[in-house]
1. Let me spell it out: the conditions are (1) buried (at least 17 other Cβ atoms within 10 Å of the Cβ); (2) touching a Pro at 6+ places or on another chain (Cβ under 7 Å); (3) modelled with pLDDT under 95, and GLN157 meets all of them except one. Which number is the exception?
2. Can you confirm whether LEU258 is farther than 30 Å from LEU151 by Cα, of a type outside the set (Asp, Glu) and either more than 18 Å from the chain's Cα centre (by Cα) or surrounded by fewer than 14 Cβ atoms within 10 Å (Cβ to Cβ) (or both)?
3. Mind checking which residues of the range 14-30 are touching a His at 6+ places or on another chain (Cβ under 9 Å) and in a strand (DSSP E or B)?
4. Which one of VAL223, VAL229 is under 30 Å from GLU3 (Cβ atoms) and either polar (S, T, N, Q) or assigned by TED's automatic domain parsing to the domain that holds LEU186 (or both)?
5. Does any residue in the range 172-199 that is in the same structural domain as GLY160 (by TED's automatic domain parsing) and in contact (Cβ under 8 Å) with a residue 24 or more places away in the chain come within less than 9 Å, Cβ to Cβ, of a residue that is part of a helix (DSSP H, G or I) and of a type in the set (Phe, Trp, Tyr) six or more places away or on a different chain, and which pairs are these?
6. Give, as residue ranges, the helices (runs of 4 or more DSSP H) completely inside the range 163-255 that count at least 1 residues that are over 19 Å from the mean Cα position of the chain (by Cα) and more than 28 Å from PRO150 (Cβ to Cβ).
7. Scanning for something acidic (Asp, Glu), more than 24 Å from GLY237 (Cα to Cα) and in contact with an Asp or Glu (Cβ under 9 Å, 6 or more places away or on another chain), does the range 60-72 turn up at least one residue?
8. What residue, among those in the range 109-145 that are under 18 Å from GLY281 (Cβ atoms) and among the charged types (D, E, K, R), is modelled with the highest pLDDT?
Amino acid sequence: MDEHQAPLTAGVELGGTKVVCMLARGSDAVEEEVRIPTTAPAETLAAVEAVLDRWRGFAALGVASFGPISVDRAAGDWGSITTTPKPGWSHTDIARRWERRYGVPVAFHTDVVGAALAEAAWGAAAGLADIAYVTVGTGIGVGLIAGGRPLDGLTHQELGHIRPVRLPGDDWIGVCPFHGACCEGLASGPAIAARAGAPAETLAADHPVWDGVAHVLGQLLHVLVQTGVPRRVVVGGGVPLGAPHLLPRAREAMLRSLAGYAPSPEVTLADSYVVPAGLGGRAGPLGAILLGQQALARA
């Protein structure tokens, strides 16, 4: 179907600092986009609802949210943010509330899965049904897409919290409040700033902190390869955007870590296997539109 003839869908990317609401039929058929600051839950959700109320008549709603969230439809807390360090947002119902309010199919998933769906449809992995999307910014998150749909089970992926093999002699404790030296605790934007004493985007390409960051991301990419899922890995987020030298070094670290043990020859062509994101800041809200379209197709 021509996307201009697709049903009108509302999408909400609920981020830690801002919310992007989009009314669209596809990437080239966006009717309206509205940005709202993320503040307290009651104030933020009321502002989003004011936008959605004005758009009433959409056929479905997709929500791509910061987490952790409950994505298991069989769970009693499906559609809610669970336990989050963001003040006031733990146990906030989102999807069930909007199902009741708007009476349309509602899909609910992580913001990183939303971005993965959009990159697979219209971005750096267009035409591929099985991909991984990695974001490296305030945190590190991974979205896995298999057969064109999010790969789910008990909950969503939290691969940013795996514990990587450390560089010899590196015993820095990391910044993750749960694990210290997990991937997020060692290679996220806050981790880089804490270790280097300056924001990542201000650091020279030869700063020694990048050795450890590339090594950690190489470990994460190694894990993704060994899942056997992604035909391509798309990397986005503020850290690689501000440090374009990082991705080539992370590819090299991945290949060193794999040590020749890769499931397919595509992986060894690392420049085309691990690629930068193509949609930038539009990936999240466009992914929410795709989530809504998938919910409508299942209804």
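The values are calculated or read from the model by the stated rules, or taken from the named source; none is laboratory data. Since we're looking at a predicted model, the values are computed, not measured. Every residue, glycine among them, receives a Cβ derived from its backbone with ideal geometry; neighbour counts consider all protein chains shown.
1. Unmet condition: (2).
2. no
3. Of everything in the range 14-30, those that are touching a His at 6+ places or on another chain (Cβ under 9 Å) and in a strand (DSSP E or B) turn out to be ARG25, GLY26, ALA29.
4. Only one candidate passes the filter, namely VAL229.
5. ILE192/TRP210
6. Per the criteria, 189-196, 209-227.
7. Yes, because at least one residue in the range 60-72 is acidic (Asp, Glu), more than 24 Å from GLY237 (Cα to Cα) and in contact with an Asp or Glu (Cβ under 9 Å, 6 or more places away or on another chain).
8. By that ranking, first place goes to GLU119.
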